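All remarks here apply to the structure that follows.
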Amino acid sequence: MKNILLSISSGLLLAISWPTYGFPLFLFFGFVPLLLAEHNIRQNKYSKTLVFGLAYLSFFIWNMITTWWIYNSSAFGMAVAEIVNSLLMTLVFLLYHIVAKRASFLISALFLACLWMSFEYFHLQWQVSWPWLNLGNGFANFPSWIQWYEYTGTFGGTLWIWIVNIGVFKSILLFLEHKDKTILYRSAIRNGLIILIPIIISVIILKTYEEDGEEIEVLILQPNIDPYTEKYNTTDNRISKLLTSLTNTEITENTNFILAPETVFADNNRLHNFSKSIAKRTGQDIVKAYPNAHFLSGISLIDVFNDPSRIRQQTNIYKENIFYDDYNSAFFVRPDGTDELYHKSKLVVGVENFPYQSILKPIVGDVMIDLGGTVAKKTTQDDREVFFTRDSIGVGTMICYESIYGEFTTGYVRNKASFLAVITNDAWWGNTQGHKQHLSYARLRAIETRRSIARSANTGISAIINQTGTIVDQLGYEKQGALKGKLKTNDKITFYVKAGNYIARIAIFLTVFIFLFSMTRRRGKV
């Protein structure tokens, strides 16, 4: 019972630390109860089974409390996310338990931290990608703590959390062994400094950081269309009138960019007819009276063809000899009428892609496809498209889920994005923590890249975020309207943009080395 309570305590500590309702200080102690429970049963004959059960309980509590809102879009999707992600986290902890029985405390602790970061990196790469609970995301609502993410990315936060958790865990073990309170006092000072010093450094960076670059005016549209009852029953003509009306309430001669949300145009648009579409005409009509303005919006596009040589892995089969690619895209219209398209490339699992289709489809059929209102796999593009104005201001456009990926986002900056845009539709989750967490994660991208962000969300929260991750202005959830504001461009490249997730890559190397070392040596002191 004691170990079960410890396991539950870890799950609750991790949950109450999470954005946007939580306080991230608890992250520094969240794993300690579970580590103590594992240590208590390490010599038990059935230790692997017990560790598996206790770890799964902790991680399932954490996952359920923080991401239960997936249920609003799909009960099946929520079940898969909670069960599978908890299982993956549990397997990480179980592997640590196996190594800890054979290696010293220092080696096993280093292995745990590196293995967890390897797991988070893996979660950013594979086809069932769900990095929502990567530990470094936990500071998203406290940007004043993590201004140094411009050097480390979120993996710096993950490493920070594990250093403190392991330090506290070690001190408790020493105290239980020696019953000397000075161990706890020293631990409190040491670990307090490990927490405090990075925060002080971050605050200094924040107070001394100055936004350089050109100031531009953005106009962000929030149409507030219910995706379940209105979206796919609304014609592009009606959308055009609505977006035009919202634009006219706030647009000025100084407006440079007008943003509309993800897939706001969804009326069976064909890729080859885009130049004649209502969507493009809407953008042209809006900007023609404002020569400084550019229109950026989301659109659903379908490309139907019967040439088998054009079939790709993500191509859908309509019927015999008729195929189609389905795109979740962004389009950009300049004052001179020219346009460009970008196709979303980080897809929502189950909703927009069928992971490992050749393996899973014979087993589960089409059950993975219809989780969020779509019945097709989306088609992606390889490069990170940047839309440029005539005077070379570049905007990198992240579509919804893409804003969760730090290293992915750096691709826009390396392609000379002066600022970033996020166009999204978070209404699938209702008025829950889902859309709030999604907004807070965009703040991490601003810090990592030092790029301002203009965020257009269908039902909210639309926002303007500056280069320090501070939300300058926002338009609340379920409000229809237009948000006008100013942001600054930037052409400087941060260390993180250059190096990417280098901490994770080092962690992967150490994970493999330590695992092989511990498995091929004699049993060490535990």
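The values are calculated or read from the model by the stated rules, or taken from the named source; none is laboratory data. None of these values were measured; they are calculated from a predicted model. Here the Cβ is made from the backbone with ideal geometry for all residues, glycine too, and neighbour counts use every protein chain on show.
Quick one: is Gly157 surrounded by 13 or more Cβ atoms within 10 Å (Cβ to Cβ) and on the phi > 0 side of the Ramachandran plot? Step through it out loud before you land on a result.
Values: surrounded by 13 or more Cβ atoms within 10 Å (Cβ to Cβ): yes; on the phi > 0 side of the Ramachandran plot: no.
In short, no.
Sort through Gly337, Gly283, Gly298 and tell me the only one that's in contact (Cβ under 8 Å) with a residue 12 or more places away in the chain, more than 27 Å from the chain's Cα centre (by Cα) and closer than 23 Å to Ile464 by Cβ.
None of the other options fit; the residue is Gly283.
Kindly indicate whether Val128 is touching a residue at least 40 places away in the same chain (Cβ under 8 Å) and assigned to a helix (DSSP H, G or I).
No; evaluated as a whole, the condition is false for this residue.
When you scan the range 161-180, do you find a residue that is touching an Asp or Glu at 6+ places or on another chain (Cβ under 9 Å) and closer than 24 Å to Leu110 by Cβ, even just one?
Yes, there is a match, as at least one residue in the range 161-180 is touching an Asp or Glu at 6+ places or on another chain (Cβ under 9 Å) and closer than 24 Å to Leu110 by Cβ.
Only one residue in Thr424, Thr379 is surrounded by 24 or more Cβ atoms within 10 Å (Cβ to Cβ), of a type outside the set (Gly, Ala, Ser) and over 17 Å from the mean Cα position of the chain (by Cα), so which one is that?
Thr379
For the range 328-345, enumerate the residues that are outside any loop (DSSP other than H, G, I, E, B) and either surrounded by fewer than 22 Cβ atoms within 10 Å (Cβ to Cβ) or outside the structural domain of Phe257 (by TED's automatic domain parsing) (or both). Before you say what the answer is, go through the steps one by one.
Filtering the range 328-345 for residues outside any loop (DSSP other than H, G, I, E, B) gives 328-333, 339-343.
The answer is Asp339, Glu340, Leu341, His343.
Output the residue which, of all residues in the range 493-522 that are under 25 Å from the mean Cα position of the chain (by Cα), more than 18 Å from Tyr405 (Cα to Cα) and not aromatic (Phe, Trp, Tyr), is surrounded by the fewest Cβ atoms within 10 Å (Cβ to Cβ).
Ile506
In the range 281-298, is there at least one residue being modelled with pLDDT under 90, surrounded by fewer than 18 Cβ atoms within 10 Å (Cβ to Cβ) and assigned by TED's automatic domain parsing to the domain that holds Thr229?
Checked against the condition, which is being modelled with pLDDT under 90, surrounded by fewer than 18 Cβ atoms within 10 Å (Cβ to Cβ) and assigned by TED's automatic domain parsing to the domain that holds Thr229, the range 281-298 yields at least one hit.
Scan the range 226-239 and tell me whether some residue there is modelled with pLDDT of 95 or more, in contact with a strand residue (DSSP E or B) (Cβ under 7 Å, 6 or more places away or on another chain) and not hydrophobic (A, V, I, L, M, F, W, C).
The answer is no, given that none of the residues of the range 226-239 is modelled with pLDDT of 95 or more, in contact with a strand residue (DSSP E or B) (Cβ under 7 Å, 6 or more places away or on another chain) and not hydrophobic (A, V, I, L, M, F, W, C).
Do you know which of the residues in the range 449-490 that are more than 17 Å from Thr247 (Cα to Cα) and of a type in the set (Lys, Arg) is surrounded by the fewest Cβ atoms within 10 Å (Cβ to Cβ)?
Lys488
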